[in-house]
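Engineer: Quick one: the structure is below, and I'll ask about it shortly.
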Amino acid sequence: MAVSEQAQPVSGAVKGRQRRAREEELLVWPDLVFIEFIAAVLFTITLAILAVMVDAVLLDRANPAVTPNPSKAPWYFLNLQELLLHMHPALAGVIVPTVALIALGAIPYFDTSNEGQGEWLSTPRAWPNLIVGSIVGFVGTMLLIFYDASSHVRLYEWIANPGTSKFLSNGDLNPSFNGWPESLAFLKSLRSIETELNWPDALTSIPVGEKILRTDLLGLPAIPLEINVAKVIVEQIIPVSTMIGLPILLSIVAWKVGLAQTKRDHMILQFSGFIAVFVILTIVGTFFRGEGLELVPYTIYSHG
Amino acid sequence: MATGEQPPGQTLGDRLYDFAFKNRVWKSIFRSGYPNTPRNQMLAVATNVFLHLHPTRIHRTHVKITHTFCLGGLSFFLFLGLTITGVLLMFYYVPSIERAYGDILRLETDVRFGQLLRNLHRWMAHGMVLTVLMHMMRVFYTGAYKPPREFNWVVGVVLLVLTLLLSFTGYLLPWDQLALWAITVGTNMVGSAPILGEPNRFVLVGGFQVGQAALIRFYTLHVIALPLIAAIFMAVHFWRIRRDGGLARPL
Ligand code: HEM
């Protein structure tokens with residue numbers, strides 16, 4: 001574009017500082033409008049090619065009587081559907097996304113400094129924080145998913161008992177061989193903490209509605225509420241502590257080793273971690289949840 | 001022609017130029033002259049209702065593609081494209097559980113370019129979710145949410161939610177197995193919220209399961225309510241970019 005031709009004579013009233021800024025400016029017509037036009041044309045062509053080559057899917061007519069296995073939400077919600085497998089549905093389906101969106105919206109109110117404004121990753125430790133945050137988020141989430149899918153158990157059994165077990169799929173285990181130690185059964189997955197430990201009845205069925213919150217004494221309907229401490233720990237306390245604790249831990253470690261020193265550093269670290277978690281959850285939910293939402297490779301739209 | 005307006009009647013080119021751009025009709029539509037002088041170029045932007053979303057001048061770093069990768073602009077472009085293809089799709093589609101699926105089948109087989117139309121709408125919808133997410137990332141990594149742009153970031157988060165809801169409500173409309181069960185899974189998530197979850201799910205779906213009531217609700221949200229709200233928020237978004245002094249720049 002003819003940049004120099006556009007330089008404008010500036011009136012004397014304009015102050016020196018503004019004058020410098022003016023000389024750095026271009027006219028929107030033609031420079032920006034031209035780029036926008038080209039971008040729109042290129043994008044239109046790409047989309048047209050895509051639309052000619054790949055048809056949008058249309059499966060059989062909707063039938064409420066036939067539930068496909070697996071049933072999946074649209075891809076951008078599969079991260080939440082993946083969370084659903086690991087924690088209480090209210091947490092995964094509503095509380096986590098709500099808190100995440102509020103936290104996202106609150107970013108500018110936490111990080112109010114002007115450093116690094118208006119330029120790509122221009123603060124000193126921006127890139128290291130981006131990379132570390134992304135890797136930790138990605139790998140950490142993957143490890144948690146593997147843990148909850150008992151992959152470590154399968155890995156152990158596969159190594160300790162070659163031939164009787166498969167690693168990648170839920171192969172039938174030979175019942176006679178010595179698998180994962182019985183005493184460590186509660187470490188098989190998150191749920192095993194509830195199912196494999198001997199929780200006393202007093203803790204697994206606390207009759208809150210019947211004995212503690214006696215609303216019936218006030219003439220109100222009784223609340224049929226029974227608390228299972230083991231369930232609460234597995235479905236709520238551990239997931240919440242993990243989701244809050246690990247990011248905080250990451251920030252503290254990054255701060256101690258001098259990686260994250262300013263607010264912007266911490267923001268980049270946390271945001272990159274968040275994006276990485278979002279991406280890996282979406283990928284796993286889309287491509288690695290098959291029948292019964294087991295952790296197996298899955299081809300999308302392969303089922304009727 | 002960089003020197004400005006030509007004296008009339010010189011060469012054939014000049015005569016054609018005058019004929020095209022200096023007649024009453026042209027001048028009644030575009031009040032400024034043809035944008036071949038800096039003055040007219042600024043007027044072209046400032047006096048045109050569509051172009052005046054822009055400032056007349058812009059800092060040179062913001063014209064570099066790698067600063068924005070055009071992602072916000074492309075999101076808006078996709079929104080416009082979705083509106084156009086969406087209106088065309090509405091010609092062929094009736095939101096009733098008896099007809100919807102058949103309408104889509106007929107659109108694909110009987111309507112000229114019908115399949116292409118549907119494909120375009122579908123890919124643009126997926127594309128918009130992607131471009132909006134990537135736009136958010138570019139705004140974050142260029143530190144463009146910092147004061148005074150805090151509120152525009154919040155408006156952006158609202159736009160992100162609206163984009164997802166637009167896509168989600170559209171997902172049900174073909175009324176195939178994919179649509180029904182994706183929306184069933186999705187709305188069940190809403191239902192799992194403490195206390196108000198189930199009532200909310202009931203209102204959204206219009207019943208205990210996804211059926212005719214859900215279809216008409218999602219359709220109405222998809223074709224009128226959500227696009228209107230999104231358009232309003234986009235107007236605020238663009239207005240705020242101007243008010244906040246254009247795109248963010250290092251201090
Ligand atoms: C439908 C969705 C959206 C549309 C159509 C849209 C459109 C735009 C456009 C055209 C720009 C001008 C610069 C550019 O192209 O990058 C812009 C800037 C901006 N957008 Fe968005 N946007 C959307 C969503 C979002 C989201 C999700 C966020 C953040 C959460 C956001 C935050 C911002 C901010 C803070 C700016 C100013 C950037 C700067 O000063 O450099 N927008 N938006």
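Engineer: Give the calculated FRET efficiency between A:Phe34 and A:Tyr301 to the nearest 0.05, with a Förster radius of 41 Å applied to their Cβ-Cβ distance.
Structural biologist: Efficiency at R0 = 41 Å is approximately 0.50.
Engineer: Mind checking the full-extension length gain between B:Phe208 and B:Leu12? Use 0.36 nm per residue of separation minus the Cα-Cα distance, one decimal, nm.
Structural biologist: My answer for the length gained is 63.2 nm.
Engineer: Just to verify a number: FRET efficiency for B:Thr47 and A:Ala48, C-beta to C-beta distance, R0 = 41 Å, to 0.05?
Structural biologist: Calculated transfer efficiency: 0.80.
Engineer: Something else now. When every alpha-carbon pair in region B:69-243 is counted, what percent end up more than 26 Å apart?
Structural biologist: I get 37 percent for the Cα pairs in region B:69-243 exceeding 26 Å.
Engineer: If you don't mind, another one. Pull out the extension gain between A:Glu210 and A:Ala106, defined as 0.36 nm times the separation in residues minus the alpha carbon to alpha carbon distance; nm, one decimal.
Structural biologist: Fully extending the segment from A:Glu210 to A:Ala106 adds 33.3 nm.
Engineer: Can I ask one more? Each label point is 7 Å from the Cα along the Cα-to-Cβ direction; what then is the distance between the points at A:Val66 and A:Trp127, in nm?
Structural biologist: 5.4
Engineer: Inside 10 Å of the C-beta atoms of B:220-229, what's the mean count of C-beta atoms belonging to other chains?
Structural biologist: Mean partner-chain Cβ count within 10 Å for B:220-229: 0.
Engineer: Enumerate the whole-percent occupancy of each 10 Å bin, from 0 to the last occupied one, for all C-alpha pair distances of the protein assembly as shown.
Structural biologist: 3, 13, 21, 22, 19, 12, 6, 3, 1, 0, 0
Engineer: With labels modelled as points extended 7 Å from the Cα through the Cβ direction, what inter-label distance (nm, one decimal) is found for A:Val57 paired with B:Leu80?
Structural biologist: With each label point 7 Å from Cα toward Cβ, the separation is 3.2 nm.
Engineer: Restricting to DSSP loop positions (anything but H, G, I, E, B) with no more than 14 other Cβ atoms inside 10 Å of their own Cβ, which trypsin sites (Lys or Arg not before Pro) remain in region B:1-90?
Structural biologist: Filter output for region B:1-90: B:Lys22, B:Arg31, B:Lys64.
Engineer: Can you give the FRET efficiency for A:Leu184 and B:Val236, using 1/(1 + (r/R0)^6), R0 = 56 Å, r = Cβ-Cβ distance, to the nearest 0.05?
Structural biologist: 0.50
Engineer: Loop only by DSSP, 10 or fewer other Cβ within 10 Å of the Cβ. Give me the chymotrypsin sites (Phe, Trp or Tyr not before Pro) in region B:1-90 that pass, ordered by residue number.
Structural biologist: Taking region B:1-90 and a limit of 10 other Cβ atoms within 10 Å, the loop chymotrypsin sites (Phe, Trp or Tyr not before Pro) found are B:Phe50.
Engineer: Ranking request for peptides B:217-224, B:242-249, B:138-145: highest mean number of other beta-carbon atoms within 10 Å first, then the rest in descending order.
Structural biologist: Sorting B:217-224, B:242-249, B:138-145 by mean packing, highest first, produces B:138-145, B:217-224, B:242-249.
Engineer: For chain A, I need the span (max minus min coordinate) of the C-alpha atoms along each principal axis, in Å, sorted largest to smallest.
Structural biologist: Here the spans come out as 88, 54, 51 Å, largest first.
Engineer: So, in nm, how far is label A:Glu196 from label B:Ile229 when the simple model puts each one 7 Å beyond its Cα toward the Cβ?
Structural biologist: With each label placed 7 Å out from Cα toward Cβ, I get 4.5 nm.
Engineer: Something else now. For peptide A:45-57, how many partner chain Cβ atoms fall within 10 Å of a residue's Cβ, on average?
Structural biologist: Mean partner-chain Cβ count within 10 Å for A:45-57: 5.
Engineer: Still on this structure, I have one more. Please turn the phi angles of region A:201-207 into ³J(HN,Hα) values with the Karplus equation 6.51 cos²θ - 1.76 cosθ + 1.60 (θ = phi - 60°), one per residue in order, whole Hz, x for glycine and proline.
Structural biologist: Along region A:201-207, the couplings run 4, 4, 8, 8, 9, 7, x Hz.
Engineer: Please compute, for peptide B:121-131, the average count of beta-carbon atoms on other protein chains lying within 10 Å of each residue's beta-carbon.
Structural biologist: 3
Engineer: Report the number of Lys pairs in the protein assembly as shown whose alpha-carbons are under 23 Å apart, with separation of 8 or more residues or on distinct chains.
Structural biologist: Qualifying lysine pairs in the protein assembly as shown: 5.
Engineer: Shape of region B:13-53 from its Cα gyration tensor (a ≥ b ≥ c, root eigenvalues): rounded if a/c is under 1.5, otherwise prolate when a/b > b/c, or oblate?
Structural biologist: Oblate, since a/c reaches 1.5 and b/c is not below a/b.
Engineer: Cβ neighbours within 10 Å, averaged per peptide: list B:96-106, B:226-236 in order, most packed at the top.
Structural biologist: In descending order of packing, they fall as B:96-106, B:226-236.
Readers should treat all values here as calculations from the given coordinates under stated rules, not as data from a laboratory. Note that the coordinates shown come from a computational prediction; the quantities given were computed from them, not determined experimentally. Neighbour counts are summed over all protein chains in view; Cβ atoms, including those assigned to glycine, are modelled from backbone coordinates with ideal geometry.
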